[in-house]
Every structure is written in structure tokens, then in C-alpha cells.
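Engineer: Pasting in a structure now, in C-alpha cells, and then I'll have a few things to ask.
The values are calculated or read from the model by the stated rules, or taken from the named source; none is laboratory data. From a predicted model like this one, the values you see are computed outputs, not experimental measurements. Here the Cβ is made from the backbone with ideal geometry for all residues, glycine too, and neighbour counts use every protein chain on show.
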Amino acid sequence: MQASAFASDIDAYLAYIDLERGLSRNTRESYRRDLEQCAAFAAGRGAAGWRAVTADLAGAWIRSLGRRTAASSQARKLTALRMFSRFLVREGLRPDDFTALLSGPRLVRRLPQSLSEAETGRLLASPSGGDPASLRDRALLELFYSSGLRVSELAALTLQQVDLQSGFARVFGKGSKERVVPMGARARDALGTWIASGRPHFVKPRTRSELFLGSRGTGLSRVSLWSIVKKHAKRAGITKSVKPHLLRHTFATHLLSGGADLRAIQEMLGHASISTTQIYTAVEGRRLLDQHARFHPRNREK
């Protein structure tokens, strides 16, 4: 591959989105890998740089991904390439957008799974003891469900980011974007008890200001945090697949079913676009259809 012919434009683009869009490091690295993969494919077919990449060549790259790459990953790669191509045109590095006529794979949008209110109640009641670990786990679960935070956001929380008196937590989400999320009374009470009576038992000389601590006195990692959630889900008899976004999806679904405004849910979740939040309307619609099918008299009379 003629690295310099392709790499310099990729570097310029990544610098641009870093300044203009504030994307997370993981997102930038994903874009880099996608664009470098396309560049390697193009160079292998004789292209000397991005000016020589045609729609046919880009389409051949997408098709070459085939069954070994999930449709969602193919769609992400095409999105990265589209954004990059538009950047090249905008910067005068190409006369045209070579992705304009490309089409990606059709995606079947999976509806997020969530817990019922009864399942959520059992999960939150699982850490019932008064020992420091139980106080931590109860505070962690209550805050998780009460705020709809991402696992990474919950793991990164510090004491300074939580205001128990006002009932808010200040978090830094994707792209280091700051937002303020409310927490309910039970979460505030559980956090207050953890901070006053549980957290001091985990403090070690190396401890800093992380809100949730492990046995070594350091902040819980995302993996450790999620293992705690899975442990209590098992204790609560929950048979659903326990995945990292389960409580976040549950938070949003329960708010919507309770009558919360979709824009408010979008703001609390930290979604950049309302279209991302709208998937929960489909979840709620499916729930209503299930309830109608089960309980309406005309559905039972067969």
C-alpha cells in the first residue's frame, strides 16, 4: 500500500472530526481502522490515492466484506467512508463524492430488551445485607436504574460528580460531552448510606475519588461493575440475557411507559439524535400489543 498517499488525508480527517465533532477516542479509532481497510483494498487494486478511488472500487470493497462482517459493521464502515468522502470534497481534495450512489446492507433494527417492573424490583432488592459490599451493590444498582447511565459512565463517576442534596449527577458521556442527570430519592438514600457507611471500608492508601470501589481500593472497572449486576440478576431469578445496556434500556422504557416526554428521555440518556431515542416507542408499542393480545376479551374468545 502507498501509505503516504492515503494516510495523510485520513490523518487530516481524524484531526478535523476531533476538533469539530468531539467524538470519543473509540469512535475515532474505529473510523481510522475502517478507512485504512478501505485504503488497503484500493491500493491493492492499483489506486494511487483517494483521488483515484471510484464508486465502483468503493462498492467492491463493501461487497468484499461479505458474510465475514456483520451487516451492522458493514453499515458503520460505509458511514465512515461517506463522511470521509464528503470531507475530501469540502476540502477540495476531490472533485466529487465517490460514495453518493453506494448503498449498504439492510439492517433489521433489534428492539432493546428490558426488565419488567417486577423483575427490576427483585434485582434492586437482591443486595439486602448491611455489610459494605451489599451497601455498595445496592447503591450501584439503584443509581444505575434511576439515572440510565452507560456502564462506562457509572464506572467513571467520582464523589465530586454526585450532588446528593440537589439529586443530580454530572457525567461525561460519548465524546466527553457533559450532561446532568437526575437521580431518584431511593438512589440518593442508597448512595448516602454507601458513602457514609460502606465506602470507608474499601478505602486504601492508593484510593482516589472514584465513587464505587473494589476490594483493592480502586475504582470498579466496567467488567467488574457488570459482573456485580449479573450476580444479582442471577440471585433475583432473572432468566433474561443480562447485557451491559439492560438497566439503561429498562430506565428508558419505564419512563416512557410512565408518560415521560421523549425529548426529556433523550436528554437524560445523552443521545445526540432523537431518532436514537425513538426506538423505545417501538418497545412500548410492542408491550401494548402483547397486553392487548393477552387480555382483550375478543382475543380470548376463539
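Engineer: If we keep just the residues of region 56-70 that are part of a helix (DSSP H, G or I) and among the small types (G, A, S), which is modelled with the lowest pLDDT? Break it down into steps so the answer makes sense when it comes.
Structural biologist: First pass over region 56-70, keeping only residues part of a helix (DSSP H, G or I): 56-68.
This time we only want the ones that are among the small types (G, A, S), so: 58-60, 64, 66.
Working: A58: 91, G59: 90, A60: 91, S64: 90, G66: 79.
Residue satisfying both the conditions and the ranking: G66.
Engineer: Could I ask something else about it? Give me the residue from region 100-115 that is over 17 Å from H249 (Cβ atoms) and surrounded by fewer than 13 Cβ atoms within 10 Å (Cβ to Cβ) and, out of that set, modelled with the highest pLDDT.
Structural biologist: For region 100-115, the residue satisfying everything is A100.
Engineer: Within region 156-166, is even one residue within 18 Å of the chain's Cα centre (by Cα) and either of a type in the set (D, E) or not in a loop (DSSP other than H, G, I, E, B) (or both)?
Structural biologist: Yes: one or more hits.
Engineer: Out of curiosity, is G148 at pLDDT below 90 and within 30 Å of G217 (Cα to Cα)?
Structural biologist: It is true that G148 is at pLDDT below 90 and within 30 Å of G217 (Cα to Cα).
Engineer: Here is a further query. Could you tell me which of the residues D96, D131 is exposed (fewer than 14 other Cβ atoms within 10 Å of the Cβ) and modelled with pLDDT of 95 or more?
Structural biologist: Testing whether each residue is exposed (fewer than 14 other Cβ atoms within 10 Å of the Cβ) and modelled with pLDDT of 95 or more leaves just D131.
Engineer: Filter region 134-152 for residues that are under 17 Å from the mean Cα position of the chain (by Cα) and surrounded by fewer than 22 Cβ atoms within 10 Å (Cβ to Cβ) and give the result.
Structural biologist: Answer for region 134-152, where residues must be under 17 Å from the mean Cα position of the chain (by Cα) and surrounded by fewer than 22 Cβ atoms within 10 Å (Cβ to Cβ): R150, V151, S152.
Engineer: Something else about it: Of (1) modelled with pLDDT of 90 or more; (2) closer than 30 Å to G237 by Cβ; (3) assigned to a loop (DSSP other than H, G, I, E, B); (4) not β-branched (V, I, T), A118 satisfies all except one. Which?
Structural biologist: Only one criterion is unmet by A118, namely (3).
Engineer: Quick check on P200: is it out of contact with any Lys or Arg (no Cβ under 9 Å at 6 or more places or on another chain) and modelled with pLDDT of 95 or more?
Structural biologist: Taking the combined requirement at face value, the residue satisfies it.
Engineer: Oh, and also: Given the conditions (1) surrounded by fewer than 19 Cβ atoms within 10 Å (Cβ to Cβ); (2) in contact with a helix residue (DSSP H, G or I) (Cβ under 8 Å, 6 or more places away or on another chain), report the number of the one that Q160 does not fulfil.
Structural biologist: Of the numbered conditions (1) surrounded by fewer than 19 Cβ atoms within 10 Å (Cβ to Cβ); (2) in contact with a helix residue (DSSP H, G or I) (Cβ under 8 Å, 6 or more places away or on another chain), the odd one out for Q160 is (2).
Engineer: Out of region 239-267, which residues are over 14 Å from the mean Cα position of the chain (by Cα), within 15 Å of A118 (Cβ to Cβ) and part of a helix (DSSP H, G or I)?
Structural biologist: Correct list: T253, H254, S257.
Engineer: Can you find a residue in region 190-208 that is touching a residue at least 60 places away in the same chain (Cβ under 8 Å), within 22 Å of Q113 (Cα to Cα) and either exposed (fewer than 15 other Cβ atoms within 10 Å of the Cβ) or assigned by TED's automatic domain parsing to the domain that holds E142 (or both)?
Structural biologist: no
Engineer: Is there a residue in region 71-84 that is over 24 Å from A12 (Cα atoms) and not in a loop (DSSP other than H, G, I, E, B)?
Structural biologist: Taking every residue of region 71-84 in turn, at least one turns out to be over 24 Å from A12 (Cα atoms) and not in a loop (DSSP other than H, G, I, E, B).
Engineer: Let me ask something else. Suppose we keep only residues that are touching a residue at least 24 places away in the same chain (Cβ under 8 Å) and exposed (fewer than 13 other Cβ atoms within 10 Å of the Cβ) within region 33-53. Which one would you say is farthest from R94 (Cα to Cα)?
Structural biologist: Of all residues in region 33-53, those touching a residue at least 24 places away in the same chain (Cβ under 8 Å) come to 34-40, 42-44, 48-51, 53.
Filter again for exposed (fewer than 13 other Cβ atoms within 10 Å of the Cβ), leaving 44, 48.
Values: G44: 20, A48: 13 Å.
That would be G44.
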